[in-house]
Amino acid sequence: MNTQSNAIPESPLESQAVAPALISPARRMYWSLRRELWENRSLYIAPLAVAAVVLVAFLIGILALPHHRMPAVFALAPAKQRAAIELPYDFAAGLIMAIAFFIGLFYCLDALQGERRDRSILFWKSLPVSDLTTVLSKASIPLFLLLFSFAVTVVTQFIMLLLSSAVVRANGLNVATLWTDVSLFQRSLMLLYHLLTVHGLWYAPLYGYLLLVSAWARRAPFLWAILPPFAIYAVEKIAFNTSHFAVWLAYRFLGPEAFTVTPGGTLMNVMAALTPAKFLSLPGLWIGLAIAVAFLAAAVRLRRYRGPI
């Protein structure tokens, strides 16, 4: 006697294997960037802390300023008056940007070596994220940091301008003169242009080189980053009594003639002299970008075959 089975037959949809959800490359990159920001909170805390220190120091300075000093500044010749008013704003922008720049350099040095040191690379490699996506996400962090620091700088300068306006108004002086000399909107545009060209494009080989060293070095990545340039310079100097490599390094760090500070010129005058056509026509820019791509490709290959330390 046959007994009927109580098992419910599977539907055609249930019998088919469930395909894994596809994740777009853009979404993988997005979450890779989020991961870097989660793991490195100092990337955005440090610029905010520097901005807070600048604002406190600026507030103390304008409150402790003798009453006769501010009218004296407004009585100067237009060029000297503008330079005196711009000075604290340029200093604030330079300090915040310098901190962001150095944090980006040290981040690149530790980005790929750190995950091998704490053995977290075993976990991250188990995820469906390629080595290319990981390295590109880490290479994007310095640019993100500079853009974030730019936003912090603009807000900081705006608060400084509001505080200065209150003090100028209290001294019975013309606030419109202050806003005209500071020209916050123009200053912000030139600062953004400077960041995207100099720090974003011109220094790209530097970031790529540091990421390559971070992917290769087992210990002391900072030491391994400075030893090869020093060795090349020493060999060239001893063997040929020349300094071409040192001159090239200075060219990469200080920039071409377009970045040269003229005597008596301010930072804003230097940035105003940078034109996109002149900058994009520099051979050193495109050679540097090609070198940066080669460094990143080598870093991707090294990460693919490197294990935990």
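The values are calculated or read from the model by the stated rules, or taken from the named source; none is laboratory data. Values in this document were obtained by computation on a predicted structure and should not be read as measured data. Backbone-built Cβ (ideal geometry, glycine too); neighbour counts: all protein chains shown.
The criterion of being surrounded by 14 or more Cβ atoms within 10 Å (Cβ to Cβ), within 21 Å of GLY200 (Cβ to Cβ), among the small types (Gly, Ala, Ser) and at pLDDT 80 or above does not hold for ALA250. Among the residues of the range 211-229, those identified as part of a loop (DSSP other than H, G, I, E, B) and not small (Gly, Ala, Ser) are ARG218, ARG219.
Checking each residue in the range 38-50 for being in a helix (DSSP H, G or I) and in contact (Cβ under 8 Å) with a residue 24 or more places away in the chain picks out SER42, LEU43, TYR44, ALA46, PRO47, LEU48, VAL50.
Residue-level check: of (1) surrounded by fewer than 16 Cβ atoms within 10 Å (Cβ to Cβ); (2) aliphatic (A, V, I, L, M); (3) under 29 Å from the mean Cα position of the chain (by Cα); (4) under 30 Å from ILE96 (Cα atoms), LEU122 misses just (4).
Of all residues in the range 187-202, those satisfying the criterion of being touching a residue at least 12 places away in the same chain (Cβ under 8 Å) and of a type outside the set (Gly, Ala, Ser) are ARG187, MET190, LEU191, LEU192, TYR193, HIS194, LEU195, THR197, VAL198, HIS199, LEU201, TRP202. For the range 235-259, what are the residues that are within 18 Å of PHE102 (Cβ to Cβ), in a helix (DSSP H, G or I) and not basic (Lys, Arg)? LEU249, PHE253, LEU254 - these are the residues of the range 235-259 that are within 18 Å of PHE102 (Cβ to Cβ), in a helix (DSSP H, G or I) and not basic (Lys, Arg). Considering (1) modelled with pLDDT under 85; (2) surrounded by fewer than 17 Cβ atoms within 10 Å (Cβ to Cβ), the lone condition that ALA57 does not fulfil carries the number (1). With respect to the conditions (1) modelled with pLDDT under 90; (2) assigned to a helix (DSSP H, G or I), ILE232 lacks only one, and its number is (1). Scoring ALA217 on the criteria (1) touching a residue at least 60 places away in the same chain (Cβ under 8 Å); (2) small (Gly, Ala, Ser); (3) touching a Leu at 6+ places or on another chain (Cβ under 7 Å) leaves a single failure, condition (3). Taking LEU161 as the residue in question, decide whether it is surrounded by fewer than 21 Cβ atoms within 10 Å (Cβ to Cβ), among the hydrophobic types (A, V, I, L, M, F, W, C) and modelled with pLDDT under 80. Criteria not met by LEU161.
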